[in-house]
């Protein structure tokens, strides 16, 4: 797929995004865009290839139709982005950069998540999760106690890394041999004023899902206290 052909994805690919993608092609960071994997309210994921011909995931954040005010509120509460300007472009570019940084921190600390490759403006490149086809979501997969325990350990590992995911659910966990956590754009510093609330929500979301499946879970407050105790050590 040529970059110009991406114009058909109106509302997702605008002229600025096209120029960003052109620059990534010209630098040899992207060698090919094969097609779209998923399109959501906030972003779209394309399947591509790097200079070595290996599959990569190309995440494009929408520059329109996003809740900029809400994004800005969460960004300025994150000490790493507290001084960003309150214009749409700065907010979207910072949102993309934040996911790249969150992934970098978590991946380097052994969290089961995609490996970040490169970020520019509203485009984020990551390792592709899957084999011939993209990995399926946990919501569409049969899971049980083993996966629950693994995910709770990942939440703890993320917090120990200084990050809270903030938007964890069965919809943003892929299954590829084991659970792989994705969508870190909402992730904030553990020092954020929203961190405690977001951490409890992440745990509760996972507990609620596995409870519906009939899997035994650990009380949300108990998990939260155990994680916070370890983080503060």
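No lab work stands behind these numbers, since they all come straight from the coordinates. Keep in mind it's a predicted model, so treat the numbers as computed, not measured. Backbone-built Cβ (ideal geometry, glycine too); neighbour counts: all protein chains shown.
In nm, give the distance between the simple-model label positions of residue 23 and residue 64, each being 7 Å from the Cα along the Cα-to-Cβ direction.
Placing both labels 7 Å beyond Cα along the Cβ direction yields 2.2 nm.
Tell me the angle of helix 220-232 to the major Cα principal axis of the chain, expressed in degrees between 0 and 90 and rounded to the nearest ten.
So the inclination is approximately 70 degrees.
Hey, could you pull the Cα Rg and Dmax for the stretch 103-233, both in Å?
Spelled out, the Cα radius of gyration and Dmax of the stretch 103-233 are 14.4, 43 Å.
With angles folded into 0 to 90 degrees, how steeply does helix 145-160 sit against the dominant principal axis of the chain? Use alpha carbons for both and round to 10.
The helix 145-160 is inclined about 80 degrees to the chain.
Please state the equivalent ellipsoid semi-axes for the stretch 139-180: what are the square roots of 5 times the Cα gyration tensor eigenvalues, largest first, in whole Å?
Values: eigenvalues 71, 27, 13 Å².
Listed largest to smallest, the semi-axes of the stretch 139-180 are 19, 12, 8 Å.
Give me P(r) over the chain, computed from all C-alpha to C-alpha distances, binned every 5 Å, as integer percentages.
With a bin width of 5 Å, the distribution comes to 1, 6, 14, 18, 18, 16, 13, 8, 4, 1, 0.
Which angle between 0 and 90 degrees, to the nearest 10, do you get for helix 15-26 versus the longest principal axis of the chain when only C-alpha atoms count?
90
Taking 2.2 N^0.38 Å as the expected size of a compact globular protein, what ratio does the Cα radius of gyration of the stretch 1-112 give against it, to two decimals?
On the way: Rg = 15.0 Å, N = 112, 2.2 N^0.38 = 13.2 Å.
Relative to the 2.2 N^0.38 Å estimate, the stretch 1-112 comes out at 1.13.
For the chain, what does the helix formula give at 222 nm: sum of -39500 (n - 2.57) over DSSP H segments with n ≥ 4, over the residue count, nearest 500 deg cm²/dmol? Show your work: numbers first, answer last.
Values: 6 runs with 89 residues, N = 233.
Helix contribution divided over all residues of the chain: -12500 deg cm²/dmol.
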